[in-house]
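A quick write-up on the structure given underneath.
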Amino acid sequence: MSDRFDCGECKESLYGRKYIQVEDVPHCIPCYDRLYANTCQECKELIAHNKLEYGGSAWHEDCFVCHGCEKPIGGQSFIPDKDVYYCVPCYEGRFAPRCSHCKKVNQGGVSYKDETWHKECLVCTGCKSPLAGQPFTSQGDTPYCVKCFSSLYAQKCASCNSPITGHGKYVSFQDRQWHQPCFKCSHCSVSLVGSGFFPDRDQILCGDCNNDQEDQ
């Protein structure tokens, strides 16, 4: 009697049949699939070959598809989101931050008022110069460079009518402001910074000029 050559699991003869050996024990294909083959996470069918594995699960190549475009991901990069998977273009289209100005996908860029902007999109509303990397301010939700903001919205000096910015010291009195170098007697032009002065309608006078005016 010839030696038997049987499946180590079901004991059926393997003569003339395909088999797979596991630790020196031959298995017929049905028994091998039942015992060792992976089950596709998507279709729940056995995976004989060409499988994709991720996170302890396996798929047929054609079953591992993007949740957005439903195209097979294959060997492309993908991004998991909970229990689904996206190709990179679909993930960016759905979830990536977008520039507040042009609405296109923005990777990196700058942040302003809790929103992201491309560096080239964050510009002064007045002169259109780039604002990234330099001090700027806003009027409401509208960004301005310091120069444009000062020109449009800053308090004006009561003497020279130029904007008063935070870069220099100034004097304030009765809802009027002066640059320190501009705070001078309206008659003799002596500096009134740190000195007593007397308002006279729209003018400000030093003590001597005020006395001269009272004597007239």
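Every read-out reported here was derived from the displayed coordinates using simple, explicitly stated rules and does not represent laboratory data. A quick note: this is a predicted structure, and the numbers were derived from the prediction, not measured. Methodologically, a virtual Cβ is constructed for each residue, glycine included, from the backbone with ideal geometry; neighbour enumeration extends over all protein chains shown.
Going by amide H atoms built from the backbone, whose H comes under 5 Å of the H on residue 129, apart from near neighbours?
The answer is 124.
For the chain, what does the helix formula give at 222 nm: sum of -39500 (n - 2.57) over DSSP H segments with n ≥ 4, over the residue count, nearest 500 deg cm²/dmol?
Rounded to the nearest 500, the figure is -4000 deg cm²/dmol.
Tell me the net charge near residue 12. Cut-off is 14 Å between Cβ atoms, residue 12 excluded, with +1 for each Lys or Arg and -1 for each Asp or Glu.
Combined, the nearby Lys, Arg, Asp and Glu give +3.
Using modelled backbone amide H atoms (1.01 Å from N, in-plane), which distant-in-sequence or interchain residues come within less than 5 Å of residue 138's amide H?
Amide H to amide H, under 5 Å and 5 or more residues apart or across chains, residue 138 pairs with 144.
Students often check this: by mean Cβ neighbours within 10 Å, which of 176-184, 125-133 ranks highest, and how do the rest follow?
In descending order of packing, they fall as 176-184, 125-133.
Tally Lys and Arg at +1 and Asp and Glu at -1 over the other residues with C-beta under 15 Å from the C-beta of residue 31: what net charge comes out?
Local charge sum for residue 31: -1.
Which of 149, 197, 136 moves most in a GNM of the chain, Cα contacts under 10 Å?
Comparing 149, 197, 136 in the GNM, the peak value goes to 197.
Viscosity 0.890 mPa s, temperature 25 °C: what is the translational diffusion coefficient of the chain from Stokes-Einstein with a Kirkwood Rh over Cα pairs, rounded to a whole number of µm²/s?
Details: Rh = 25.8 Å.
The Stokes-Einstein estimate is 95 µm²/s.
Sorted by average packing, counted as other Cβ atoms within 10 angstrom per residue and highest first, what order do 8-18, 30-40 take?
Highest to lowest by the protection proxy: 30-40, 8-18.
What base-10 log of the normalised intensity I(q)/I(0) is obtained for the stretch 9-78 from the Debye formula, alpha carbons as equal point scatterers, at q = 0.12, 0.22 Å⁻¹?
Values returned for q = 0.12, 0.22 Å⁻¹ are -0.43, -0.91.
Could you tell me the calculated FRET efficiency between residue 155 and residue 104, based on Cβ-Cβ distance and R0 = 30 angstrom, to the nearest 0.05?
Details: r = 39 Å, r/R0 = 1.29.
Taking R0 as 30 Å, the efficiency between residue 155 and residue 104 is 0.20.
Starting from the Cα of residue 18, draw a straight line to each of the lysines and keep only those under 30 Å, dropping any in the same chain fewer than 8 residues away.
Cross-link targets: 44, 51.
Please enumerate, by chain and number, the lysines with C-alpha under 30 Å from the C-alpha of residue 184, excluding those fewer than 8 residues away in the same chain.
Once the sequence-local lysines are set aside, what remains near residue 184 is 147, 156, 169.
If you add up the charges near residue 85, with Lys and Arg at +1 and Asp and Glu at -1, over every other residue whose beta carbon is less than 13 angstrom from its beta carbon, what do you get?
Working: positive: 71, 82, 94; negative: 42, 53, 70, 81, 83.
The answer is -2.
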